[in-house]
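Written out below as structure tokens is the structure these notes cover.
Here, each number is a calculation from the coordinates, and none is a lab measurement. The structure presented is a predicted model; accordingly, all values stated were derived computationally and were not measured. Methodologically, a virtual Cβ is constructed for each residue, glycine included, from the backbone with ideal geometry; neighbour enumeration extends over all protein chains shown.
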Amino acid sequence: MSDLLKILTVAVETKPRKGDACNHCGYCCLTEVCPVGKELGGGEYGPCKLLRSEDNKHYCSLAEKDDAFIKLIGASTGCCAETQNEVIARLTA
């Protein structure tokens, strides 16, 4: 199994529910690049090149440089991502 697949598997298993507080699982940035990241060199597709990992926690390198980026990328608003299983559960509830 590739390293990325292992990291993504852990992220899916530890990801909080959408709207809950961020636990730095990295799922959001591993699966897609936000508009700000695309503009500033994160690439077009996940994982975002601006994602930094440390001790199984993931952080946006932009948010670490400037508090304004935290608001701009929505990092202070809680989990914004949904796994396929969460989408299916929401749509079939």
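Shown for the chain: cysteine residues without a partner Cβ closer than 4.7 Å, namely 22, 25, 28, 34, 60, 79, 80.
Across the chain, Cα-Cα pairs farther apart than 24 Å form 18% of the total.
Positive end of the dipole of the chain (Cβ unit charges, origin at the Cα centre): among 53, 11, 36, the Cα lying farthest that way belongs to 11. Computed from Cα positions, the angle between helix 3-14 and the longest principal axis of the chain comes to roughly 70 degrees. Ranked by how many other Cβ atoms sit within 10 Å of their own Cβ, fewest first, the residues 88, 73 fall in the order 88, 73. As a proxy for reagent exposure, ranking 59, 45 by other Cβ atoms within 10 Å from fewest up yields 45, 59. Fully extending the segment from residue 44 to residue 76, taken as 0.36 nm per residue of separation minus the present Cα-Cα distance, adds 9.2 nm. Mean-square fluctuations from a GNM of the chain, with a 10 angstrom spring cutoff on Cα atoms, peak among 65, 38, 15 at 65. Footprinting exposure proxy ranking of 52, 17, fewest other C-beta atoms within 10 angstrom first, gives 17, 52.
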